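These notes are about the structure you will find just below.
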Amino acid sequence: MTLLLTGIGELTTNDDELGQLSGAALVIEGDRVVWVGPAARAPAADEHVDLAGRAVLPGWVDSHTHLVFAGDRTAEFAARMAGKPYTAGGIATTVAATRAASAEVLAAGLRRHVAEARAAGTTYVETKTGYGLTVADEVRSATLAAEQADEVTFLGAHLVPPELAADDYVDLVCGEMLTAVAPLVRWADVFCETGAFDEDQSRAVLLAARAHGLGLRVHGNQLGPGPGVRLAVELGAASVDHCTHLTPSDVDALASSDTVATLLPACDLSTRAPLPDARALLDAGATVALASNCNPGSSYTTSMSFCVATAVLQMRMTVPEAIRAATWAGARALRREQEVGILRPGSRADLHILDAPSATHLAYRPGVPLTHSVYHQGERVR
């Protein structure tokens, strides 16, 4: 069964040869895009949908979320809005609630958040463990995440739990916990930050993960300058996420590496932190991605459209740069850029169709729900 979409006012492909097209058409067969080009040359198909001049772009690729959790941190948020600074320690509140929750409660919350994101155009989602911090709880989180998310990351090194000393916990993460969780995940991450894990501890976790065949990711340079970016580049991590506080040498290191700088603007707004210097990264030649960092403490949103609008309006990114960062570059941060975050023959048929003639409206009309329809692996889900 083939489906022909015509009447596309503006088509963002993220393909270097196809570029951005107007008056375009696209053909889907099964879960794949099989043809892209001018509507006048479109082939026949079994079904036909006229999009009446609407813009089409690849579905959002959200490469950084924390969706396996229980509990609520509105009191912490309210305190922060009243002037209390954000620290890594608030994670412990969610750890306690997550440990106490049933698997059914955690699974229901995960399904709800993935569905919420998908309805707003997110068609590929990474999510992490990290709110269990025991072997059994991290295995449970990874198992649940694998049922709903496209990519799962082991984040046992999220915070040192209160019942263990830091070095003992790092030994647990690098040993029994990693051995148990590694078969369930593709990636490993570490919160390399003051109040979480220092450079030596972070390196130990990442090297142990690499020895288990996992790809590497790093939470780095969120709360202040630190070793996160340097460590991520040194070890060839796929991405380093946050990048709120960068030195010129950090920018240069990212620009000369394959490590993606994943920026999380909703988190910085929620914690009243400065927004990352996206312009410096882009101008230096670094690959910049945008992600939601959806979590209950510091960024409780699944809206990638909000992140894109923020990047354009407050971070001096152009609309095309922000769209690419939230699609192709997010896929690049997950090493999936040949398949998702792009629309060309052979790519996965993940489409975000806007009730607007161009993607510029995402920033031009901030906060307005512009998602008209969403195709996920070739099936219309909204």
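The values are calculated or read from the model by the stated rules, or taken from the named source; none is laboratory data. None of the values given here were measured: they were computed from a predicted structure. Cβ: placed from backbone, ideal geometry, glycine included. Neighbour counts: every protein chain shown. Quick note on the areas: whole protein, heavy atoms, side chains included, nothing else; ligands and nucleic acids left out. Shrake-Rupley method; radii C 1.70, N 1.55, O 1.52, S 1.80 Å.
Observations
- Each peptide in 236-242, 56-62, 334-340 gets a packing score, the mean of other Cβ atoms within 10 Å over its residues, and the list from highest to lowest is 56-62, 236-242, 334-340.
- Subtracting the Cα-Cα distance of ASP31 and ALA211 from 0.36 nm times their residue separation leaves 61.4 nm of extension gain.
- Interchain or long-range residues, amide H under 5 Å from SER292's placed H: SER63, HIS64
- Close amide-amide hydrogen proximity is noted between ARG32 and ALA349, each under 5 Å apart and 5 or more residues distant or on a separate chain (H modeled in the peptide plane; Pro and chain starts excluded).
- Across the range 301-318, coupling constants 3J(HN,Hα) worked out from phi with the 6.51/-1.76/1.60 Karplus curve, θ = phi - 60°, read 9, 9, 7, 6, 4, 5, 5, 5, 4, 4, 4, 6, 6, 10, 10, 6, 8, 6 Hz, and Gly and Pro carry x.
- Farthest positive-ward along the chain dipole, Cα basis, beta-carbon charges - from PRO345, PRO366, LEU3: PRO366
- Solvent-accessible surface of the range 1-106, averaged per residue with a 1.4 angstrom probe and all protein chains in place: 44 square angstrom.
- Inter-centroid distance (Cα atoms) of the range 117-150 relative to the range 5-27, Å: 33
- Between VAL381 and ALA96, the FRET efficiency from the beta-carbon distance, with R0 = 35 Å, is close to 0.50.
- Label-point separation in nm, GLU163 to THR179, each point 7 Å along Cα→Cβ: 2.0
- Averaging the sequence gap over all C-alpha pairs within less than 8 Å and six or more residues apart, then dividing by the number of residues, gives the range 276-353 a relative contact order of 24 percent.
- Shown in residue order for the range 118-135 are the 3J(HN,Hα) couplings computed by the Karplus curve 6.51 cos²θ - 1.76 cosθ + 1.60 at θ = phi - 60°: 5, 5, 9, x, 8, 10, 9, 10, 9, 9, 10, 7, x, 10, x, 6, 10, 4 Hz (x for Gly and Pro).
- Backbone amide hydrogens, once placed in the peptide plane, bring GLY37 within less than 5 Å of ALA25, excluding anything fewer than 5 places away on its chain.
- Local electrostatic count at THR65 - Lys and Arg +1, Asp and Glu -1, tallied over other residues with Cβ under 9 Å: -1
- Taking every DSSP helix (H) stretch of at least 4 residues in the chain, weighting each as -39,500 (n - 2.57) and dividing the sum by the residue count yields a mean residue ellipticity at 222 nm of -9500 deg cm²/dmol.
- Of all accessible heavy-atom area on the range 35-103, the percent that carbon and sulfur account for (1.4 Å): 58
- If you plug the beta carbon distance of GLU234 and ARG41 into 1/(1 + (r/R0)^6) with R0 = 45 Å, you get a FRET efficiency near 0.40.
- Rounded Å value of the spacing that divides the Cα centres of the range 33-108 and the range 295-354: 11
- Whole-number percent relative contact order across the chain, with pairs defined as alpha carbons under 8 Å at least 6 apart: 20
- Calculated FRET value between LYS84 and SER249, using beta carbons and R₀ = 41 Å, to 0.05: 0.80
- For the range 135-251: rounded, prolate or oblate by the Cα gyration tensor [a/c cutoff 1.5]: prolate
- Per-residue ³J(HN,Hα) for the range 41-56, Karplus 6.51 cos²θ - 1.76 cosθ + 1.60, θ = phi - 60°, Hz, x for Gly and Pro: 10, 5, x, 5, 9, 5, 10, 9, 10, 9, 8, 6, x, 6, 7, 10
- Overall, the chain carries a charge dipole of about 800 debye about its Cα centre when +1 sits on the Cβ of Lys and Arg and -1 on the Cβ of Asp and Glu, all other atoms neutral.
- Spin-label pair ARG316/ASP50, simplified geometry with 7 Å Cα→Cβ offset, distance in nm: 4.5
- Inter-label distance, nm, simple model (7 Å from Cα along the C-beta direction), ARG272/ARG365: 3.3
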